[in-house]
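The values are calculated or read from the model by the stated rules, or taken from the named source; none is laboratory data. All figures in this text were calculated on a predicted structure; none of them were measured in a lab. Here the Cβ positions follow ideal geometry from the backbone for every residue, glycine too, while neighbour counts run over all protein chains shown. Just the protein is used for accessible areas: all its heavy atoms, side chains included, with ligands, DNA and RNA removed. Shrake-Rupley method; radii C 1.70, N 1.55, O 1.52, S 1.80 Å.
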Amino acid sequence: MPVNTHEEKEFHFVLPNLPQNSDGWGPKYDADENSEVPYAPFSKSDRLGKIADWTVPQDFSSASGVLMPATARNRFRPTASGVDSYGSGTADRFTYTYAAEEEASFSVVDRAAGPPKLRTYGPNRSTRGARAGVQGPVGRGGRVGPQNNRGNYATGKKGAVSGGKWGYNDKPQRLRDASIQVQPEWTMVEEIEFSRLSKLNFDAGEATDLAFHGSLNYFNKDFDKVSVKHDKSLQQIEKSFFNGTTSDDPILEKLGKASENEGTSVFITSQILATMMCTSRSIYPWDVVITKEGDKIYVDKRPEAPFDFVTVNENAAEPPIEGTEKESINSPGMLAQEATYINRNFSQQVLKESENCEFDNLNPFYDQSQDPFPPAPALYRYRQYSLGDEITLFVRTQLDTAVNQIKGAANLKTDRSSIVESLENSTHALGDTLFATVRALNEFDPRAVGAGGAPEWRQKLDAQRGAVMASEMKNNSNKLAKWAVESILAGADQIRIGFVSRVSPKDRTRHSILGVGFYKPLDFAAQMNYNIRNGWGIFKTLIDICNDMEDGKFVLVRDPNKPVIRLYQVPSNTFEDEFGEDL
């Protein structure tokens with residue numbers, strides 16, 4: 001009989017000690033026993049992960065700038081009723097918290113070559129008598145910065161993705177340099193986002209003419225017949241152009257001394273005023289200097305600021321960028337120089353020197369002893385606007401040409417009595433004369449980066465000019481809006497726009513005029529969905545801010561990479577080397 005070597009053992013189950021809770025429901029809580037045990041209420045909205053869950057998305061916290069898991073973000077995410085659910089966002093208490101010292105000792109070495117340092121251009125110092133072929137590129141474009149925090153890369157051809165198998169197809173972030181470096185001693189007074197500017201509104205009413213200086217040549221109507229098949233070569237014309245800042249204008253200075261307004265007087269040029277009124281459409285950086293002296297406010301441009309250069313495709317989805325080549329002809333700086341050259345020469349080539357309008361006051365900026373070339377014909381029209389709250393605006397505007405049109409002025413609703421009084425001599429009757437500004441759009445290379453997807457002018461301009469103009473309004477929204485505002489401020493009846501293209505896409509020195517069109521300034525602004533009342537509201541808001549401050553000097557800066565403008569108060573001796581002692 002086999003012997004049973006296994007001894008039977010008895011197993012006993014001992015019930016734990018469950019203290020009775022006579023004061024409430026559930027067991028009593030012993031703080032000492034469970035002090036090290038993490039506790040958090042459970043919420044169904046929280047995601048339950050694993051001990052090591054690598055699929056949990058992470059993001060940067062907008063408040064602290066540190067990396068935190070998605071469960072931590074849920075605590076700031078309300079429910080449909082607008083109230084956080086009980087215990088929401090507390091599951092991250094059970095996640096592993098790494099040691100800071102251990103993480104600090106770990107680093108990754110990136111041996112990839114960084115982006116090359118690109119050259120940034122700045123405009124030459126503005127001269128009193130700049131030639132039509134003015135040289136000196138302006139730094140309006142941005143260098144290509146590093147990829148953004150989402151790891152996005154630029155696309156290649158349309159519909160193709162150059163970001164690898166991950167499918168990132170966003171364009172790289174473009175970092176532009178500021179138009180002026182903010183100094184440590186500057187104090188920021190106000191910061192305004194563009195979204196706030198779009199809600200402003202003000203009606204400045206009708207302008208009052210104060211003075212007329214200069215003369216005009218009539219427009220050569222032969223250019224109305226120019227087409228792609230019958231184009232004309234753009235010629236270089238040696239003339240002296242004057243576009244001085246506010247403080248250098250002797251007529252504005254005289255008006256300031258003679259002003260008897262009880263309130264505040266503001267002095268500005270139409271070019272600076274149009275830039276401020278079109279702030280919300282701007283992409284490239286800019287800045288203006290505002291000086292308050294008692295009841296007078298002067299708004300100036302700095303000599304090194306890029307106001308005198310014409311931008312190209314500033315508002316395009318992919319604007320021109322600085323290339324790897326130092327002297328790329330399609331870089332923003334080179335294109336701005338080329339566009340300025342085209343505008344100045346085109347505005348003189350379309351004039352008839354034998355037909356003119358002469359006014360009783362001569363050009364206040366021309367000095368024959370200092371300027372080697374004759375002055376470009378222009379009529380400087382000084383006007384006055386009322387901004388309410390006892391604020392009066394004095395602005396210098398400019399007209400470029402007169403247009404002979406039989407009974408063209410018969411249907412105009414504007415008062416021309418001041419022009420009649422100042423007109424000294426005219427080839428044509430004033431009733432048959434319209435006043436206009438002259439501008440030029442330029443095409444560089446429709447296949448180059450930064451062309452904005454515009455149609456080729458030599459193929460589409462004659463048959464589909466509306467499509468070409470629509471593309472320009474999209475890619476150059478800020479530039480065209482400023483042209484419209486400058487024409488409205490000057491009281492122009494028309495704005496004449498030329499279409500100038502390169503003879504060869506690789507040659508920036510030879511151009512052809514492919515067509516000329518004309519538009520009414522108010523209708524032109526309406527086509528671009530620009531509200532002139534909003535522009536006046538932006539300008540009045542900025543002036544009101546400065547008017548409430550003590551006397552001093554201020555700088556209004558458009559941020560180079562964010563839709564924001566900032567107003568800084570600067571020391572009184574700032575920019576003395578640039579403006580001189582008079583400012």
Problem set entry | Pairwise FRET efficiency - D544 versus V182, Cβ, R0 = 22 Å, nearest 0.05 | 0.45
For this session: Run the accessible area of the stretch 336-495 with a 1.4 Å probe and give the carbon-and-sulfur part as a rounded percent.
Result: 45 percent
For this session: Go through K520, K540 and list them by solvent-accessible area, largest first, probe radius 1.4 Å.
Result: K520, K540
Exercise. Which pairs break 30 Å Cα to Cα here: K482/K562; K221/K479; K221/K540?
Worked result: K221/K540
Exercise. Tell me, what is the 1.4 Å probe accessible area of D544, in Å² to the nearest 10?
Worked result: 40 Å²
Problem set entry | Candidate residues S280, S328: accessible-area rank, largest first, probe 1.4 Å | S280, S328
Exercise. Nearest 0.05, what FRET efficiency do N529 and D224 give at R0 = 25 Å with Cβ-Cβ as r?
Worked result: 0.35
Problem set entry | Probe 1.4 Å, protein heavy atoms only - accessible area per residue of the stretch 229-280 in square angstrom | 44 Å²
Problem set entry | Per residue, in Å², the accessible surface of the stretch 319-459 once ligands and nucleic acids are set aside, probe 1.4 Å | 43 Å²
For this session: If a/c stays under 1.5 just call it rounded; otherwise compare a/b with b/c (prolate if a/b is bigger, oblate if not). Do that for the stretch 424-575, with a ≥ b ≥ c from the square roots of the Cα gyration tensor eigenvalues.
Result: oblate
Problem set entry | Where H230, H213 fall by accessible area, highest first, once all protein chains stay in place (1.4 Å) | H230, H213
Problem set entry | Solvent accessible area, Å² - M469, 1.4 Å probe, full protein context | 10 Å²
Exercise. Accessible area of W536, 1.4 Å probe, to the nearest 10 Å²?
Worked result: 20 Å²
